[in-house]
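J.: Attaching a single structure in structure tokens format; questions to follow.
The values are calculated or read from the model by the stated rules, or taken from the named source; none is laboratory data. The structure presented is a predicted model; accordingly, all values stated were derived computationally and were not measured. No Cβ is skipped: glycine too gets one built from the backbone with ideal geometry, and neighbour counts run over all protein chains shown. In case anyone asks, the SASA skips ligands and DNA or RNA and just uses the protein heavy atoms, side chains included. Shrake-Rupley method; radii C 1.70, N 1.55, O 1.52, S 1.80 Å.
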Amino acid sequence: MANETLDLAQKLIALRSVTPEDNGCQQILAQRLEKIDFHIEKMRFGKVDNLWARRGEASPVLCFAGHTDVVPTGPLDQWNSDPFAPTIRNEKLFGRGAADMKTSLAAFVTAIEAFVTDHPDHQGSIALLITSDEEGPAVDGTVKVVETLKARGELLDYCIVGEPTCTDQLGDTIKNGRRGSLSGNLTIKGIQGHIAYPHLAKNPIHIAAPAIAELAQIQWDEGNEYFPSTTWHISNITGGTGATNIIPGTVNMLFNFRFSTASTVESLQAKVHETLDKHQLNYDLNWELSGKPFLTPDAELASAMRKAIKQVTDIAPQLSTSGGTSDGRFIADICSQVVEFGPCNETIHKLNEHVNVADIDRLSRIYQFTMEKLLT
């Protein structure tokens with residue numbers, strides 16, 4: 001299996017699937033899955049290719065989820081080799097998507113092939129949910145597939161997302177949840193005027209400052225045993241005409257909450273509006289929810305994966321909810337147990353992205369042993 005997983009990872013890395021392009025990756029996966037009796041369903045929404053593949057009709061349903069799209073390469077002259085020509089140097093596999101997350105996709109498939117060979121009449125069902133829209137807007141990918149599955153009553157029992165989760169060595173971290181992401185686009189209105197006649201104007205930057213200071217000091221919640229406390233940060237402020245003698249009429253701010261299960265979307269929005277209103281500001285505020293927080297209890301899936309990791313690596317992994325968002329936030333809507341596990345994330349989205357060659361086969365065996373613990 002070692003060479004098979006490495007070979008498949010290299011084939012996928014060689015395809016230039018910069019988001020939202022799939023560029024044939026899903027077809028390679030589908031062809032292999034069809035050979036072991038998976039029903040293949042291609043779901044295209046907008047310009048995004050998605051793949052839903054399933055073997056079996058019974059419960060429990062164990063799904064592997066991931067994405068074929070990758071982020072842009074950045075300056076090609078700063079790579080030590082062509083990012084779409086998978087290259088092995090110093091016992092590492094280099095290429096865009098090596099860590100995030102084509103190695104995981106390859107490991108999914110070879111693990112399933114090995115498991116089905118050993119257990120052709122396994123319990124339950126195995127599924128794959130693959131998108132090419134995770135690194136981009138994420139509006140026509142996993143979220144749309146989940147909506148389709150939910151509408152026809154097709155739910156999941158367990159889901160493993162192949163995101164790169166490990167920090168120092170393969171096996172040290174399983175993600176069993178993620179914080180939510182809530183953004184605001186806030187425009188505070190004043191009155192434009194000549195800076196020499198301030199009594200005829202109203203500076204929105206000045207009147208916004210006390211509210212900003214108060215928002216920055218709020219303790220939104222105290223988190224819980226799985227999540228740190230919710231944070232609020234301004235990412236952009238724009239205002240003014242560029243001239244030094246004009247008081248601007250408006251100031252615009254973009255801000256973001258990364259929030260835990262200790263808060264709700266409604267509670268955060270209400271507190272922001274309460275603070276702005278207290279300062280008697282004239283404002284427009286538009287909200288965008290990128291994803292709610294999700295948390296998987298330490299139950300069957302996390303337990304099975306911990307045992308499989310220990311079996312392969314002799315490492316006892318920690319459960320973590322750190323990091324940004326992932327497609328797990330969508331899948332949690334139809335699956336009560338969602339975890340993320342994949343290779344080390346040190347080089348994701350960086351120049352010279354890579355994984356350790358030795359980790360590639362071990363990752364496949366971890367996925368295989370997890371299936372054995374859940375479906376046999």
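J.: Give region 20-48 a look and list any residue that's in a strand (DSSP E or B) and more than 17 Å from Val109 (Cβ to Cβ), or say none.
T.: Of region 20-48, the ones in a strand (DSSP E or B) are 39-45, 48.
Those that are in a strand (DSSP E or B) and more than 17 Å from Val109 (Cβ to Cβ): Met43, Arg44, Phe45, Val48.
J.: Same structure again: Of all residues in region 334-358, which are among the aliphatic types (A, V, I, L, M) and outside any loop (DSSP other than H, G, I, E, B)?
T.: Let us first name the residues in region 334-358 that are among the aliphatic types (A, V, I, L, M), namely 334, 338-339, 348, 351, 355, 357-358.
Within region 334-358, Val338, Val339, Val355, Val357, Ala358 qualify.
J.: Mind checking whether some residue in region 68-85 is within 23 Å of Val145 (Cβ to Cβ), out of contact with any strand residue (DSSP E or B) (no Cβ under 7 Å at 6 or more places or on another chain) and open to solvent by 10 Å² or more (accessible area, probe 1.4 Å)?
T.: Taking every residue of region 68-85 in turn, at least one turns out to be within 23 Å of Val145 (Cβ to Cβ), out of contact with any strand residue (DSSP E or B) (no Cβ under 7 Å at 6 or more places or on another chain) and open to solvent by 10 Å² or more (accessible area, probe 1.4 Å).
J.: Moving on to the next point. Please go through region 228-256 and pick out each residue that is β-branched (Val, Ile, Thr), open to solvent by less than 60 Å² (accessible area, probe 1.4 Å) and under 27 Å from Pro293 (Cβ atoms).
T.: First, the residues of region 228-256 that are β-branched (Val, Ile, Thr): 230-231, 234, 237-238, 241, 244, 246-247, 250-251.
Add one more test, that the residue is open to solvent by less than 60 Å² (accessible area, probe 1.4 Å), and what stays is 230-231, 234, 246-247, 251.
Correct list: Thr230, Thr231, Ile234.
J.: Turning to a different aspect of this structure: What residue, of Leu149, Leu170, Leu182, is part of a loop (DSSP other than H, G, I, E, B), of a type outside the set (Lys, Arg) and modelled with pLDDT of 95 or more? Step through it out loud before you land on a result.
T.: Numbers: Leu149 fails: part of a loop (DSSP other than H, G, I, E, B); Leu182 fails: part of a loop (DSSP other than H, G, I, E, B).
Step by step, each of Leu149, Leu170, Leu182 is checked, and only Leu170 is part of a loop (DSSP other than H, G, I, E, B), of a type outside the set (Lys, Arg) and modelled with pLDDT of 95 or more.
J.: Go through (1) in a loop (DSSP other than H, G, I, E, B); (2) open to solvent by 10 Å² or more (accessible area, probe 1.4 Å); (3) at pLDDT 95 or above and name the single condition Arg96 misses.
T.: Here Arg96 meets the rest and fails (2).
J.: Which pairs have Cβ atoms under 8 Å, sit 6 or more apart or on different chains, and link a residue in region 117-130 that is under 11 Å from Met371 (Cα atoms) and at pLDDT 95 or above to one that is in a strand (DSSP E or B) and charged (D, E, K, R)?
T.: What qualifies is Ser125/Arg54; Ser125/Arg55; Ile126/Arg54; Ile126/Arg55.
J.: Right, something else. Give me a count of the residues in region 157-171 that are more than 26 Å from Val146 (Cα to Cα) and of a type in the set (Gly, Ala, Ser).
T.: Start the filter on region 157-171 by keeping residues that are more than 26 Å from Val146 (Cα to Cα), which leaves 166-171.
Among the residues that remain, those that are also of a type in the set (Gly, Ala, Ser) are: 171.
Qualifying residue count for the region: 1.
J.: Output yes when any residue across region 167-175 is of a type outside the set (A, V, I, L, M) and free of Cβ contacts under 8 Å to residues at least 60 places away in the same chain, and no when none is.
T.: Step one: list which residues in region 167-175 are of a type outside the set (A, V, I, L, M), which gives 167-169, 171-173, 175.
Adding the requirement that they be free of Cβ contacts under 8 Å to residues at least 60 places away in the same chain leaves none.
Scanning region 167-175, I find no residue that is of a type outside the set (A, V, I, L, M) and free of Cβ contacts under 8 Å to residues at least 60 places away in the same chain, so the answer is no.
J.: Taking the condition acidic (Asp, Glu), part of a loop (DSSP other than H, G, I, E, B) and over 19 Å from the mean Cα position of the chain (by Cα), does Asp361 pass? So that I can check it myself, show each step before the final result.
T.: On the way: acidic (Asp, Glu): yes; part of a loop (DSSP other than H, G, I, E, B): no; over 19 Å from the mean Cα position of the chain (by Cα): yes.
When the stated conditions are applied, Asp361 does not pass them.
J.: Continuing with this model, one more query. Being assigned to a loop (DSSP other than H, G, I, E, B), open to solvent by less than 40 Å² (accessible area, probe 1.4 Å) and in contact with a strand residue (DSSP E or B) (Cβ under 8 Å, 6 or more places away or on another chain): is that true of Ser322 here? Before you say what the answer is, go through the steps one by one.
T.: Numbers: assigned to a loop (DSSP other than H, G, I, E, B): yes; open to solvent by less than 40 Å² (accessible area, probe 1.4 Å): no; in contact with a strand residue (DSSP E or B) (Cβ under 8 Å, 6 or more places away or on another chain): yes.
When the stated conditions are applied, Ser322 does not pass them.
J.: If Ile40 satisfies every condition in (1) in contact with a helix residue (DSSP H, G or I) (Cβ under 7 Å, 6 or more places away or on another chain); (2) of a type in the set (Val, Ile, Thr); (3) open to solvent by 40 Å² or more (accessible area, probe 1.4 Å) but one, which is the exception?
T.: (3)
J.: Go through region 95-111 and give me each residue that's out of contact with any strand residue (DSSP E or B) (no Cβ under 6 Å at 6 or more places or on another chain) and not acidic (Asp, Glu). Outline the logic, then answer.
T.: We begin by selecting, within region 95-111, every residue out of contact with any strand residue (DSSP E or B) (no Cβ under 6 Å at 6 or more places or on another chain); these are 95, 100, 102, 106-107, 109-111.
Within region 95-111, Gly95, Lys102, Ala106, Ala107, Val109, Thr110, Ala111 meet the criteria.
J.: Continuing with the same structure: Only one of Ala127, Ala138 is within 15 Å of Asp69 (Cα to Cα) and either open to solvent by less than 40 Å² (accessible area, probe 1.4 Å) or acidic (Asp, Glu) (or both). Can you tell me which? Lay out the reasoning, then the answer.
T.: Working: Ala127 fails: within 15 Å of Asp69 (Cα to Cα).
The unique qualifying residue is Ala138.
Here is a yes/no grid of residues against (1) open to solvent by 10 Å² or more (accessible area, probe 1.4 Å); (2) on the phi < 0 side of the Ramachandran plot; (3) part of a strand (DSSP E or B):
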| position | (1), (2), (3) |
| --- | --- |
| Arg258 | yes, yes, yes |
| Ser263 | yes, yes, no |
| Ser267 | yes, yes, no |
| Ala270 | yes, yes, no |
| Asp277 | yes, yes, no |
| Leu281 | yes, yes, no |
| Glu288 | yes, yes, yes |
| Ile309 | no, yes, no |
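J.: Can you tell me how many residues in region 141-155 are open to solvent by 10 Å² or more (accessible area, probe 1.4 Å) and either touching a residue at least 60 places away in the same chain (Cβ under 8 Å) or touching a strand residue (DSSP E or B) at 6+ places or on another chain (Cβ under 6 Å) (or both)?
T.: The initial filter retains those residues of region 141-155 that are open to solvent by 10 Å² or more (accessible area, probe 1.4 Å), namely 143-144, 147-148, 150-155.
Right, trim to either touching a residue at least 60 places away in the same chain (Cβ under 8 Å) or touching a strand residue (DSSP E or B) at 6+ places or on another chain (Cβ under 6 Å) (or both) and you get 143-144, 148, 150, 154-155.
The qualifying residues number 6.
J.: Looking only at region 279-304, count how many residues are out of contact with any strand residue (DSSP E or B) (no Cβ under 6 Å at 6 or more places or on another chain), of a type outside the set (Gly, Ala, Ser) and in contact (Cβ under 8 Å) with a residue 12 or more places away in the chain. Give the steps one after another, and end with the answer.
T.: Going residue by residue through region 279-304, those that are out of contact with any strand residue (DSSP E or B) (no Cβ under 6 Å at 6 or more places or on another chain) are 279-280, 297-300, 303-304.
With the extra rule that they be of a type outside the set (Gly, Ala, Ser), the set shrinks to 279-280, 297-298, 300.
Okay, now just the ones that are also in contact (Cβ under 8 Å) with a residue 12 or more places away in the chain, so 279, 297-298, 300.
The total comes to 4.
J.: Which of the residues belonging to region 187-227 are loosely packed, with under 12 Cβ neighbours inside 10 Å and assigned to a helix (DSSP H, G or I)?
T.: His199, Leu200, Ala213, Ala216, Gln217
J.: Looking at Leu62, Leu33, Leu51, which one is in contact with a strand residue (DSSP E or B) (Cβ under 6 Å, 6 or more places away or on another chain), closer than 23 Å to Leu170 by Cα and open to solvent by less than 50 Å² (accessible area, probe 1.4 Å)?
T.: Details: Leu33 fails: closer than 23 Å to Leu170 by Cα; Leu51 fails: closer than 23 Å to Leu170 by Cα.
It is Leu62.
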